[in-house]
1. Which residues does a label at residue B:35 reach in region A:19-37, if reach means a backbone N under 20 Å from a point 7 Å past the Cα toward the Cβ?
2. How large is ³J(HN,Hα), in whole Hz, for each residue of region D:111-127 in order, when computed from phi with the Karplus curve 6.51 cos²θ - 1.76 cosθ + 1.60 and θ = phi - 60°, using x for Gly and Pro?
3. Can you give me the long-range amide H partners of residue A:6? Hydrogens built in the peptide plane at 1.01 Å from N, cutoff under 5 Å, separation of 5 or more residues or another chain.
4. In nm, one decimal, shortest first: how far is the label point of residue D:10 (7 Å from Cα along Cα to beta carbon) from the matching points in the other copies?
5. Measure out, as a whole number of angstrom, how far apart the alpha-carbon centroids of region A:5-22 and region A:74-91 sit.
6. Which of the residue pairs A:32/A:61; B:20/B:190; A:20/B:125; D:81/D:177; C:81/D:128 have a Cα-Cα distance greater than 23 Å in the structure shown?
7. Ignore the peptide's own chain and count Cβ atoms of other chains within 10 Å of each Cβ in D:21-32; give me the average, rounded.
8. Take every Cα-Cα distance within region B:138-191, group them into 10 Å bins from 0 onward, and report for each bin the whole-number percent of pairs it holds.
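No value in this document is a laboratory result; all are computed from the given coordinates. This is a predicted model, so every value here is computed, not measured. All Cβ positions, glycine included, derive from the backbone under ideal geometry; neighbour counts span all protein chains shown.
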Number of protein chains: 4
Amino acid sequence: MVSFGIFDDEFIRGNVPMTKREVRILTLNEGKINDNSIIYDIGAGTGSLSIEAALAAKNGKVYAIEKNIEGVNLIKQNCEKFNVKNIEIINKIAPDGTDNLPVADCIFIGGSGGNLTEILSVSQKKIKLSGRIIINAITIESLNTSFEFLRENKDFKYYSFEVFVSRYNPIGNYHLKKAENPISIIVCEKI
Amino acid sequence: MVSFGIFDDEFIRGNVPMTKREVRILTLNEGKINDNSIIYDIGAGTGSLSIEAALAAKNGKVYAIEKNIEGVNLIKQNCEKFNVKNIEIINKIAPDGTDNLPVADCIFIGGSGGNLTEILSVSQKKIKLSGRIIINAITIESLNTSFEFLRENKDFKYYSFEVFVSRYNPIGNYHLKKAENPISIIVCEKI
Amino acid sequence: MVSFGIFDDEFIRGNVPMTKREVRILTLNEGKINDNSIIYDIGAGTGSLSIEAALAAKNGKVYAIEKNIEGVNLIKQNCEKFNVKNIEIINKIAPDGTDNLPVADCIFIGGSGGNLTEILSVSQKKIKLSGRIIINAITIESLNTSFEFLRENKDFKYYSFEVFVSRYNPIGNYHLKKAENPISIIVCEKI
Amino acid sequence: MVSFGIFDDEFIRGNVPMTKREVRILTLNEGKINDNSIIYDIGAGTGSLSIEAALAAKNGKVYAIEKNIEGVNLIKQNCEKFNVKNIEIINKIAPDGTDNLPVADCIFIGGSGGNLTEILSVSQKKIKLSGRIIINAITIESLNTSFEFLRENKDFKYYSFEVFVSRYNPIGNYHLKKAENPISIIVCEKI
């Protein structure tokens, strides 16, 4: 079986923000990815999540939607670095670019660029029965919008939590505690 | 591939403390378990980690070492509930009970009952090259003992972090934030 | 000068939820209480915040608004225990009960019982120039409502943060880490 | 009465690490400072804690011990900026420089430069009965050393906790959550 957990500094990153390793592990694991999964990664950024998802869904496909050309280039470079062939990059502002995609087993929503409600509406139509939409929220407003959506759309069951990771950085004989930013993860399953 | 994440309330628990779901996911994922892995679960408690490890290592084996008979009984019940056949329960105070075990791909150390240094010494001998010892520490003293061990034993590379999970509990139209206890995870790889 | 920090178990509590000590310290300190402050404590619960506020505003007054009779009785008992005379208890559902109160230097909003928007509107009218409204939010929806209010009402400057406290509980020779629930604190100053 | 909470960016900081605002508030409040308090600030850094302590102990005195000349200069500049006259700066490596100081009501230990055990031993001799030693630990080893000291020296009662603050940074219509590093606070009272 596949384990997740490529280290953050193994990815080519530029200045694009990246989901940190442990949050990426938890997010990917919630996706219940299998060999043939069809996956969207919305707001793919550096592509770190896409890469690990594509390695897990080895006979499946990842559609990485990213609006910024800087991100698109990083995803390409990371595909090359990790020798990943089953990612299709879509340089659009989501939910644009999803119309012609096959229905999904799993939709990861990282960045939403202010279109979260529209992205959720489109995701609701494109997700398979028992498929999973997994939202990573870094603002209170995205978290609240997600909850509002789930209050109004009863065809999902869901659970959600916040993850706070601090690293113990070895410095001489000491371990200095350094915080990563907390991230909220909302896991929605189509019922 | 296998995903982790059985919900806490699916396990039969009694009053035995249990590693919580997200920490269990991260811990198991760090184990880089494959189909044939030989795994020790030291201080197995309710067996929640053992069960998920055994489901992942479907042709491998999990040795669950637990000193309390209450825990032993819970592990048995959980094996039955989840139809898991590849766990061997060892009712001993670790590191007792490890002598005759085959060398391990992965050793999870949850509870140590005050014997952490001895458990680490034995684990060091029983772990394969490139195998992983993963410690879950809930006290400062266990965390510090682990770091002391790693300072003195240079045949491991390691990284470590603390995970803090808060759940968003839906109550009417609200999501109330409830904290789980923070857990430190130390991942040691034999080099 | 006065320090805050009565221990949680010094208060008479019953089963009413209570703001925990460190959050209470931070909340009270943000109030910039002085000897003569007029303070409202909305959703006063056990009265723990009211008691410490009243001890600080020794020539001032605290109006503790609490809808539940169980809470009202606890506040009375705590006033007696701590020999505090300058708390007036108002057994109403806020914002009811605030009409005839003198304008406030400081308004603490703990529990809002679903009326947070109305409570904020009334607080806006009753708070003095340079006075402070300090909200303790335990749900995402209260936090979001507070931010919406502040987006629409520009006569406040504000800052906000979340506090997560874990205690080191001594057990034998160990210190076990136990989390308190995270609380968001929003500090609004009338400008 | 005095409130704490000067904002971090009001201090002149250079590149010297600084205790963050909310941790500073909690630390100072635990000091139970009064008008005449004699205070040591060991590892004073930028002097942010010293400044707020000196403003609270307006007829008392703060001895700020700092080994780095860069820190010493920042403390001087901050004293000038905040018009504080009751800080004496001691440019030594603690516990050096404490011999001739008057006994203390309150000793804050921030940076220890590897000498924490010695600093604690000296502090034990210099602290008054019912006085308080308050340690801010950012490494596991300092935290563990503090607990070891307290296990061996029974003339203190103590409590301890970790504080994790995340700020809600307003960005357009969003509030982005940003973590500060977690800090452990150990409060020791001489009995």
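1. From region A:19-37, the list is A:33-37.
2. The phi angles translate into x, 10, x, x, 9, 4, 4, 5, 4, 5, 4, 5, 4, 4, 7, 8, 7 Hz.
3. none
4. 2.8, 4.7, 5.3
5. Each part reduced to its Cα centre gives a spacing of 14 Å.
6. Numbers: A:32/A:61 14 Å; B:20/B:190 27 Å; A:20/B:125 33 Å; D:81/D:177 31 Å; C:81/D:128 29 Å.
With Cα atoms farther than 23 Å apart: B:20/B:190; A:20/B:125; D:81/D:177; C:81/D:128.
7. On the way: counts 3, 8, 0, 0, 6, 9, 0, 2, 9, 5, 1, 5.
Partner-chain Cβ atoms within 10 Å, mean over residues of D:21-32: 4.
8. In whole percents, the pair-distance histogram is 21, 35, 20, 14, 8, 1.
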